[in-house]
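Worksheet: the structure to be examined is printed underneath.
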């Protein structure tokens, strides 16, 4: 404040020399202020430029983040879908396994019944055989009926007949030539 009064006093009451010095000081002060203003303007321009670059970078990172989030959500959805498919597949496999186990048990029961039926049928086919001669005659007749070359032939039945014939031959101590 005092400096302002001093300047006003020099303007009003000052000598030529003091006025010249005041003019030089005002000129220098004006140049200093212009230089300072110019430097501030440059700094402001740099700050604006930096701010724009920062905004562009943050926008780019935001876009990358959004794309990464979308990709992550898509990958999660795909993973969930594949997991659901796998779980359904495992459930189906377990159901199929149980069904196969049940079917296997059923077939085993049927096979045991079938074996009993086969032995009963063989027993019936060889019923009344009480000598080696009738055994051979019955064997030949059965082979004519069940031989695989016949229309009603059954190779499995032929195997069973051969097994039964050989076991009965051992009972009668007969050679197995038919």
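The values are calculated or read from the model by the stated rules, or taken from the named source; none is laboratory data. Keep in mind the model is a prediction, meaning the values are calculated, not measured. Here the Cβ is made from the backbone with ideal geometry for all residues, glycine too, and neighbour counts use every protein chain on show.
Among 92, 99, 114, which is the only one that is surrounded by 10 or more Cβ atoms within 10 Å (Cβ to Cβ), at pLDDT below 95 and within 30 Å of residue 170 (Cα to Cα)? Give the derivation first.
Numbers: 92 fails: within 30 Å of residue 170 (Cα to Cα); 99 fails: within 30 Å of residue 170 (Cα to Cα).
Matching residue, one of 92, 99, 114: 114.
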Please list, ordered by first then second residue, the pairs with beta carbon atoms under 8 Å, 6 or more apart or interchain, first in segment 15-31 and without any contact (Cβ under 8 Å) to a residue 40 or more places away in the chain, second surrounded by 10 or more Cβ atoms within 10 Å (Cβ to Cβ). 18/10; 19/10; 19/11; 22/7; 22/10; 22/11; 22/14
From the list 26, 19, 83, which residue is within 60 Å of the chain's Cα centre (by Cα) and modelled with pLDDT under 95? 83
